[in-house]
Amino acid sequence: MNCKKYGKVGCIILALCFAFMAGRKSMISIPEEDINVEEGGDEKIEEQKSIISIPEENINVEEDSDGKLICGRYEYEIIAQDGTVRILTYLGDESIIFIPTELDGRKISVIGKNAFSRNATVEQVIFPSGITEIEREAFAYCSRLETVILGQELEKIGGRAFAYCPSLTEIRFPEGLKETGGGICAYCPKLEKIYIPESMESIGDKAFEGCSNLKLVYGSSTYAEIYAQQEGLVYVDVNRIEEEGNLVW
């Protein structure tokens, strides 16, 4: 080390840095020209050729032990096809959950399999517009879940997505939804009514199996009316409600 070039104080500082870093296996290097070294306030080093290293563990990386990404209360992954986000796990404990539209600047498009499953605190879930798919059993076994407000642009819900939720009383499928998997709300004993939009084309088998209190289907499409008849449920046309008031209801 050239102490004449760096000065006595500079050499001592650099020597201490190199001694402290010795033995580290994982290192990230920073060019020394980005570090301002001064001696007594009089001498500044402008050109430096050596390298000072800092331990990699001092760099904050938002990844868990499995390499999955974490943002706030959500563990997620990036979908390779379009760069949007799939929520993998909810890490919070709120009773009312407002699902965000983005994580780390990327649009959320999918709620992944079992992402909220077996949550014992959530009572209400409010979806934003833009989520296109809810995967299988995403909210299954949520013991206190009462209300689900689904967002626009949702196209598909996987099998048993809201199954075994004993507190769920109503679910309103949004306009734009085309299909649901089987057993979507199976064994939700407090479920009383469902709304089927005009866009719905297919509801999976045994969608409401074990829903002993389910009596009512409301909607405004031929599909909804036929589905209600097949399942032995009362059908109410929402257009008539708007025209004739609560007497129909």
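The values are calculated or read from the model by the stated rules, or taken from the named source; none is laboratory data. Since the structure is predicted, the reported quantities are computational estimates derived from the model, not experimental observations. With ideal geometry, Cβ positions are generated from the backbone for all residues, glycine too; neighbour counts draw on all protein chains shown. Each accessible area value is taken on the protein alone, full model and side chains, heavy atoms only, with ligands, DNA and RNA left out. Shrake-Rupley method; radii C 1.70, N 1.55, O 1.52, S 1.80 Å.
Please return the ranges of strands (runs of 3 or more DSSP E) entirely within the range 76-127 where 1 or more residues are on the phi < 0 side of the Ramachandran plot and under 11 Å from the mean Cα position of the chain (by Cα).
Values: elements: 85-90, 96-98, 106-111, 124-126.
Output list reads 85-90, 96-98, 106-111.
Return the residues of the range 141-174 that are of a type in the set (Asp, Glu) and open to solvent by 80 Å² or more (accessible area, probe 1.4 Å); say none if nothing qualifies. Even if it seems obvious, please write down each step before you answer.
Applying the first criterion (of a type in the set (Asp, Glu)) to the range 141-174 yields 146, 153, 155, 170.
Hits for the range 141-174 are GLU146, GLU153, GLU155.
I'm trying to understand the selection: among the residues of the range 95-135, which are over 15 Å from ILE157 (Cα atoms) and charged (D, E, K, R)?
Of everything in the range 95-135, those that are over 15 Å from ILE157 (Cα atoms) and charged (D, E, K, R) turn out to be GLU102, ASP104, ARG106, LYS107, ARG118, GLU123.
Restrict the check to the range 177-191 and report whether at least one residue is closer than 17 Å to GLN229 by Cβ and hydroxyl-bearing (Ser, Thr, Tyr).
no
Has the range 196-215 got any residue that is closer than 25 Å to ASP93 by Cβ, of a type in the set (Ser, Thr, Tyr), part of a loop (DSSP other than H, G, I, E, B) and under 27 Å from the mean Cα position of the chain (by Cα)?
Filtering the range 196-215 down to residues closer than 25 Å to ASP93 by Cβ leaves none.
Scanning the range 196-215 turns up no residue that is closer than 25 Å to ASP93 by Cβ, of a type in the set (Ser, Thr, Tyr), part of a loop (DSSP other than H, G, I, E, B) and under 27 Å from the mean Cα position of the chain (by Cα).
Looking at the range 204-220, which of its residues are open to solvent by less than 20 Å² (accessible area, probe 1.4 Å), closer than 21 Å to GLY176 by Cβ and without any contact (Cβ under 8 Å) to a residue 40 or more places away in the chain?
Of everything in the range 204-220, those that are open to solvent by less than 20 Å² (accessible area, probe 1.4 Å), closer than 21 Å to GLY176 by Cβ and without any contact (Cβ under 8 Å) to a residue 40 or more places away in the chain turn out to be ALA207, VAL217, TYR218, GLY219.
Name the single residue that is modelled with the lowest pLDDT among those in the range 79-99 being of a type in the set (A, V, I, L, M, F, W, C) and open to solvent by 70 Å² or more (accessible area, probe 1.4 Å).
ALA80
Have a look at TYR187, TYR195, TYR141 and point out the one that is within 17 Å of LYS113 (Cα to Cα) and among the hydroxyl-bearing types (Ser, Thr, Tyr). First the steps, then the outcome.
Details: TYR187 fails: within 17 Å of LYS113 (Cα to Cα); TYR195 fails: within 17 Å of LYS113 (Cα to Cα).
None of the other options fit; the residue is TYR141.
Scan PHE162, PHE208 and give me the residue that is closer than 23 Å to ASN119 by Cα, in contact with a helix residue (DSSP H, G or I) (Cβ under 8 Å, 6 or more places away or on another chain) and of a type outside the set (S, T, N, Q).
On the way: PHE162 fails: in contact with a helix residue (DSSP H, G or I) (Cβ under 8 Å, 6 or more places away or on another chain).
When all the criteria are applied, what remains is PHE208.
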